[in-house]
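Novice: Below is a structure I'd like to ask you about.
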Amino acid sequence: MAEATCRRELELEIPAEEVSKATEKIAKDLMRVARVPGFRPGKAPITIIKKRFAEEIKGEVLQTLVPEKVEKAVAEQKLTPVSQPQVDKLDYADGQPVKFRAVFEVLPEFELGDYKNLEIEMPPMNVTDEDVEKALGETRERAAAFTPVEGRAVENGDFVQLKLIGTPEGGGEPLQADNVMCHVGAEETMEPFNENLRGAKIGDHKEFAVEYPKDYPDPKLAGKKFNYATDVLGIKSKKLPELNDEFAKDVSDATSLDELKKKVRESLEHERDHRQKDLQREKIIAELIKLNDFPVPDSLVEHQMDARLERVVRSLAQQGVDPRAVNVDWVTLRNRQAERAKDDVKAELIVDKIASTENIDATDEEIDHELEHAASHSNESVDALRARLTKQGALDRMKAKLRSDKTLDWLAQNAKIRTAAAAAGK
């Protein structure tokens with residue numbers, strides 16, 4: 001049965017003779033270079049050196065002997081620490097053995113559950129005609145033309161060109177835009193904009209306040225009240241292009257609308273396959289975690305919590321949000337990752353053990369293929385990328401990821417996979 005923890009404690013002792021020998025050697029080395037008042041360099045008696053530099057000698061003795069002793073004890077007991085051993089309960093007295101405790105964590109030992117007969121249920125993920133029509137509609141929206149409206153006031157559905165300044169209540173950085181479009185009457189437009197701009201004419205000046213809900217997608221605006229001063233610069237209406245062969249030629253390399261629909265369907269199916277594979281892997285990992293119960297090293301969980309938090313920060317930065325400016329309790333957010341981080345570590349250990357048991361590994365050809373794919377996206381030659389990743393230690397991570405992905409695909413091939421619709425019909 002697996003132990004309840006991965007923590008190991010070793011009570012260790014360095015014989016008095018070894019300590020005395022190391023003390024003499026360090027004291028003699030020190031005697032040659034130490035400056036002691038009243039003695040020429042290198043001429044002070046060793047007894048004075050030992051007394052005057054007692055703490056330095058003790059520190060040096062411990063730095064020399066303790067790590068050696070820990071390393072030897074760990075090797076003898078065939079343990080593999082995953083965290084740096086911490087030394088405490090140190091007992092050090094002249095002429096006596098040095099006693100101490102080394103505390104560290106090791107990888108857990110566990111027996112694999114029945115991973116060859118996993119059962120998972122997948123939702124139906126068919127690409128429908130409606131999905132194709134929706135994607136075409138989005139392409140049509142992007143290809144729409146805006147035509148100026150003259151001789152009338154703003155109506156629902158119009159796009160209003162605005163110059164605006166938004167001042168946050170209670171102080172803060174104002175929002176300023178010389179030319180911004182506002183879709184009046186649209187679902188995503190805040191109601192005060194709709195109310196104040198409907199019926200407005202070119203040249204009108206409008207002032208109004210907008211209170212943004214706490215869950216508003218833009219963190220710069222969420223939960224705040226802004227006072228806006230706006231000038232109407234222009235009114236435009238949006239004209240959608242006809243869905244025909246000409247449209248297909250304008251927006252793609254297709255020569256007809258039917259060909260465009262076929263390409264859109266293929267693209268949606270390609271995306272679906274990726275989503276399906278990701279979801280399949282997630283469900284397999286969840287089943288493996290359920291099947292295998294064992295403790296995991298806290299140090300690896302802590303490392304995974306940091307990695308998860310880094311991903312959140314990176315994601316914010318990619319959206320143009322300064323993580324330091326966001327009102328987030330980072331400590332609480334990090335602590336909330338604990339359970340998922342524990343599962344991450346567990347999954348990694350289980351998949352690694354299955355890969356070893358089934359002799360699954362990334363081949364040189366697969367690594368070359370992955371490098372070629374990555375190089376094509378980074379404007380580097382394959383050799384330059386390989387050299388850089390090797391230097392950064394990232395090539396081993398790439399190999400480990402390939403091995404893990406291959407193992408999850410192997411598990412999927414051996415699993416019983418049902419679709420939810422089929423399951424519901426039983």
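Novice: Is it the case that GLU339 is of a type in the set (Asp, Glu) and either closer than 30 Å to ASP218 by Cα or not assigned by TED's automatic domain parsing to the domain that holds ASN414 (or both)?
Specialist: Details: of a type in the set (Asp, Glu): yes; either closer than 30 Å to ASP218 by Cα or not assigned by TED's automatic domain parsing to the domain that holds ASN414 (or both): yes.
So GLU339 passes the test.
Novice: Now for a separate question. In the range 14-40, what residues are assigned to a loop (DSSP other than H, G, I, E, B) and closer than 26 Å to LYS89 by Cβ? Break it down stepwise before answering.
Specialist: In the first step, residues of the range 14-40 are kept if they are assigned to a loop (DSSP other than H, G, I, E, B); the result is 15, 34-40.
PRO15, the sole residue that qualifies.
Novice: Here's something else I'd like to know. Considering the range 352-408 alone, what residues qualify as being surrounded by fewer than 12 Cβ atoms within 10 Å (Cβ to Cβ), within 24 Å of the chain's Cα centre (by Cα) and closer than 25 Å to GLU109 by Cβ?
Specialist: ASP396, ARG397
Novice: If ALA286 passes every condition in (1) assigned to a helix (DSSP H, G or I); (2) crowded, with 18+ Cβ neighbours inside 10 Å; (3) not β-branched (Val, Ile, Thr) but one, which one does it miss?
Specialist: (2)
Novice: Moving on. Spot the failing condition for GLY203; the list is (1) touching a strand residue (DSSP E or B) at 6+ places or on another chain (Cβ under 8 Å); (2) on the phi < 0 side of the Ramachandran plot; (3) loosely packed, with under 11 Cβ neighbours inside 10 Å; (4) not hydrophobic (A, V, I, L, M, F, W, C), and only one is missed.
Specialist: Condition (2) is where GLY203 drops out.
Novice: Also: Being closer than 30 Å to ARG324 by Cα, of a type outside the set (A, V, I, L, M, F, W, C) and over 37 Å from the mean Cα position of the chain (by Cα), is that true of even one residue in the range 193-203? Give the derivation first.
Specialist: Initial filter on the range 193-203 (closer than 30 Å to ARG324 by Cα): none.
Looking through the range 193-203, none of the residues is closer than 30 Å to ARG324 by Cα, of a type outside the set (A, V, I, L, M, F, W, C) and over 37 Å from the mean Cα position of the chain (by Cα).
Novice: Next question, about the same structure. Step by step: first the residues of the range 104-156, then only those that are among the hydroxyl-bearing types (Ser, Thr, Tyr) and surrounded by 15 or more Cβ atoms within 10 Å (Cβ to Cβ), then the one that is farthest from PHE247 (Cα to Cα). Which residue is that? Break it down stepwise before answering.
Specialist: The first filter runs over the range 104-156 and keeps only residues among the hydroxyl-bearing types (Ser, Thr, Tyr), leaving 115, 128, 139, 147.
Right, trim to surrounded by 15 or more Cβ atoms within 10 Å (Cβ to Cβ) and you get 115, 139.
Values: TYR115: 51, THR139: 10 Å.
Going through the qualifying residues, I end up with TYR115.
Novice: Could you check the range 90-113 and list, in sequence order, the residues that are of a type in the set (D, E, K, R) and within 29 Å of LYS342 (Cβ to Cβ)? Write out each step before concluding.
Specialist: Filtering the range 90-113 for residues of a type in the set (D, E, K, R) gives 91, 94, 99, 101, 105, 109, 111.
The answer is ARG101, GLU105, GLU109, GLU111.
Novice: Here is a further query. In this structure, is GLU271 assigned to a helix (DSSP H, G or I), assigned by TED's automatic domain parsing to the domain that holds ALA135 and farther than 24 Å from VAL106 by Cα? Outline the logic, then answer.
Specialist: On the way: assigned to a helix (DSSP H, G or I): yes; assigned by TED's automatic domain parsing to the domain that holds ALA135: yes; farther than 24 Å from VAL106 by Cα: yes.
Criteria met by GLU271.
Novice: List pairs: first in the range 352-368 and touching a residue at least 12 places away in the same chain (Cβ under 8 Å), second part of a helix (DSSP H, G or I) and among the β-branched types (Val, Ile, Thr), Cβ under 8 Å, 6+ apart or cross-chain?
Specialist: Partner pairs satisfying both residue conditions: ILE354/THR407; ALA355/THR407; GLU358/THR407; ILE360/ILE354; ILE360/THR407; ASP368/VAL382.
Novice: Based on this model, can you work out whether PRO217 counts as loosely packed, with under 11 Cβ neighbours inside 10 Å, in the same structural domain as ARG152 (by TED's automatic domain parsing), of a type outside the set (S, T, N, Q) and outside any strand (DSSP E or B)?
Specialist: Values: loosely packed, with under 11 Cβ neighbours inside 10 Å: yes; in the same structural domain as ARG152 (by TED's automatic domain parsing): yes; of a type outside the set (S, T, N, Q): yes; outside any strand (DSSP E or B): yes.
Criteria met by PRO217.
Novice: Here is a check on your reading of the model: is ASP396 at pLDDT below 90 and either among the hydroxyl-bearing types (Ser, Thr, Tyr) or closer than 30 Å to ALA222 by Cα (or both)? Don't jump to the end; show me each part of the working.
Specialist: Details: at pLDDT below 90: yes; either among the hydroxyl-bearing types (Ser, Thr, Tyr) or closer than 30 Å to ALA222 by Cα (or both): no.
Spelling it out, it is not the case that ASP396 is at pLDDT below 90 and either among the hydroxyl-bearing types (Ser, Thr, Tyr) or closer than 30 Å to ALA222 by Cα (or both).
Novice: Which of the numbered conditions does ASN117 fail, given that it passes all the others? Conditions: (1) touching a residue at least 40 places away in the same chain (Cβ under 8 Å); (2) of a type outside the set (A, V, I, L, M); (3) under 30 Å from ASP250 (Cα atoms).
Specialist: Among (1) touching a residue at least 40 places away in the same chain (Cβ under 8 Å); (2) of a type outside the set (A, V, I, L, M); (3) under 30 Å from ASP250 (Cα atoms), the lone unmet condition for ASN117 is (3).
Novice: If GLY59 meets every condition in (1) among the small types (Gly, Ala, Ser); (2) part of a loop (DSSP other than H, G, I, E, B); (3) surrounded by 11 or more Cβ atoms within 10 Å (Cβ to Cβ) apart from one, which number is that one?
Specialist: Of everything listed in (1) among the small types (Gly, Ala, Ser); (2) part of a loop (DSSP other than H, G, I, E, B); (3) surrounded by 11 or more Cβ atoms within 10 Å (Cβ to Cβ), GLY59 misses just condition (2).
Novice: Report, by residue number, each residue of the range 158-188 that is of a type in the set (S, T, N, Q), within 18 Å of PHE226 (Cα to Cα) and surrounded by 15 or more Cβ atoms within 10 Å (Cβ to Cβ).
Specialist: Residue satisfying the conditions is THR167 alone.
Novice: Which condition breaks for LEU349 when tested against (1) surrounded by 12 or more Cβ atoms within 10 Å (Cβ to Cβ); (2) closer than 30 Å to LYS224 by Cα; (3) not hydroxyl-bearing (Ser, Thr, Tyr)?
Specialist: Here LEU349 clears every test but (2).
Listed here are the residues, each with its yes/no results for (1) at pLDDT 90 or above; (2) assigned to a loop (DSSP other than H, G, I, E, B); (3) touching a His at 6+ places or on another chain (Cβ under 9 Å); (4) of a type in the set (D, E, K, R).
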site: VAL70; (1), (2), (3), (4): yes, no, no, no
site: LEU79; (1), (2), (3), (4): no, yes, no, no
site: VAL87; (1), (2), (3), (4): no, no, no, no
site: ALA102; (1), (2), (3), (4): yes, no, no, no
site: PHE110; (1), (2), (3), (4): no, yes, no, no
site: GLU138; (1), (2), (3), (4): yes, no, no, yes
site: GLU141; (1), (2), (3), (4): no, no, no, yes
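Novice: Here's another thing I want to ask about it. Identify, from the list ARG340, ARG308, ARG314, ARG324, the residue that is surrounded by 15 or more Cβ atoms within 10 Å (Cβ to Cβ) and either at pLDDT 90 or above or in a helix (DSSP H, G or I) (or both). Step through it out loud before you land on a result.
Specialist: Details: ARG340 fails: surrounded by 15 or more Cβ atoms within 10 Å (Cβ to Cβ); ARG314 fails: surrounded by 15 or more Cβ atoms within 10 Å (Cβ to Cβ); ARG324 fails: surrounded by 15 or more Cβ atoms within 10 Å (Cβ to Cβ).
Selected residue: ARG308, the only one of ARG340, ARG308, ARG314, ARG324 that is surrounded by 15 or more Cβ atoms within 10 Å (Cβ to Cβ) and either at pLDDT 90 or above or in a helix (DSSP H, G or I) (or both).
Novice: Looking at GLY171, GLY166, GLY185, which one is under 39 Å from the mean Cα position of the chain (by Cα), closer than 27 Å to LEU316 by Cβ and in a loop (DSSP other than H, G, I, E, B)?
Specialist: Working: GLY166 fails: in a loop (DSSP other than H, G, I, E, B); GLY185 fails: closer than 27 Å to LEU316 by Cβ.
Unique residue meeting the criteria: GLY171.
The values are calculated or read from the model by the stated rules, or taken from the named source; none is laboratory data. The shown structure was predicted, so the numbers you read here are calculated from the model rather than taken from an experiment. Every residue, glycine as well, gets a Cβ built from its backbone with ideal geometry; the counts of neighbours run over all protein chains shown.
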